[in-house]
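First comes the structure, then the notes that go with it.
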Amino acid sequence: MTDQDPAAVPDRPSGPVPGPDGKLRCPWGLSAPEYLAYHDQEWGRPVRGDTAIFERLCLEGFQSGLSWLTILRKRENFRAAFAGFDAAAVAAFGEADVARLMADPGIVRNRAKINAVIANARAALGLPGGLAALVWKYAGEPAAAPRTLADVPATTPASKALSAELKRAGFTFTGPVTAYATMQACGIVNDHLAGCFARAA
């Protein structure tokens, strides 16, 4: 997790801690039930489909400046509002859809972020090899496992390069921090702490 994600929860242990089942976990994964499920079942596990990666990229963009827990709790609402994050469907959204989304209390009603999702859907459709291929191009050799949350970066050279390529392709709200959070969420990098059971799961 980046500094805009649950790893930054203050006053928490920085190394892996035992959960209710005795398994060691990244400490942020124990701070709320939604985090526990997300940590155990999704975060850091490889995601390869264009739609799945587009969803995570969009949600990370919406999360900027907010708690990731807020986004997780609204995730199903986001999926309903944005046609399951099908890029072709979202790319066809017009002003009436923007008005509908701005009136939807189930999502984050931020016009700039909503417009970014629509623009990013159109940009994703223009990628010759698809979004998944572009993002996975930045997967490198597995790095040493971080031992504490302090060892988890907010950005990396790869996330900066990915962000720059996305920007050149017409994406917005995909800065280096958001790009890195997406890489973490999609398992392109594995930032589960050393000792966390999910690292090898």
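Here, each number is a calculation from the coordinates, and none is a lab measurement. What you see is a predicted model; the values in this text were computed from it and never measured. FYI the Cβ positions are ideal-geometry reconstructions off the backbone, even for glycines, and counts take in every protein chain you see.
Each listed q (0.13, 0.16 Å⁻¹) maps to a log10 I(q)/I(0) for the range 143-199 from the Debye sum over equal C-alpha point scatterers, namely -0.35, -0.50. Over the residues of the chain, the helix contribution to mean residue ellipticity at 222 nm works out to -13000 deg cm²/dmol, using -39500 (n - 2.57) for each DSSP H run of at least 4.
Projected onto planes of every orientation and averaged, the convex hull of the alpha-carbon atoms in the range 12-62 covers 4.3 nm².
Each pair of Cα atoms in the chain enters the Kirkwood radius, and Stokes-Einstein at 10 °C and 1.306 mPa s then converts it into a translational diffusion coefficient of 93 µm²/s.
Here is the P(r) of the range 87-126: all C-alpha pair distances, binned every 5 Å from 0, give 6, 27, 33, 23, 9, 2, 0 in whole percents. For the range 80-171, the Kirkwood radius over C-alpha pairs fed into Stokes-Einstein at 10 °C and 1.306 mPa s yields D = 103 µm² per second. Within the listed set 144, 121, 52, the Gaussian network model of the chain (springs between alpha-carbon atoms below 10 Å) gives the highest mean-square fluctuation for 144.
Evaluate the charge dipole of the chain about its Cα centre and quote only its size in Debye, nearest 20, assuming +1 on the Cβ of each Lys and Arg and -1 on the Cβ of each Asp and Glu. If you can, show how the numbers build up before the last one.
On the way: 21 positive and 19 negative charges, 39 e Å.
Once rounded to the nearest 20, the dipole reads 180 debye.
Taking all Cα-Cα distances within the range 119-174, those exceeding 12 Å account for 70%. To one decimal place, what orientation-averaged projected area in nm² is obtained for the convex hull of the Cα set of the range 29-92? Averaged projected area of the range 29-92's Cα convex hull equals 4.6 nm². Taking a virtual spin label 7 Å from the Cα of residue 31 along the C-beta vector, which residues in the range 69-113 bring their backbone nitrogen under 15 Å of it? Residues 69-73 fall inside that zone.
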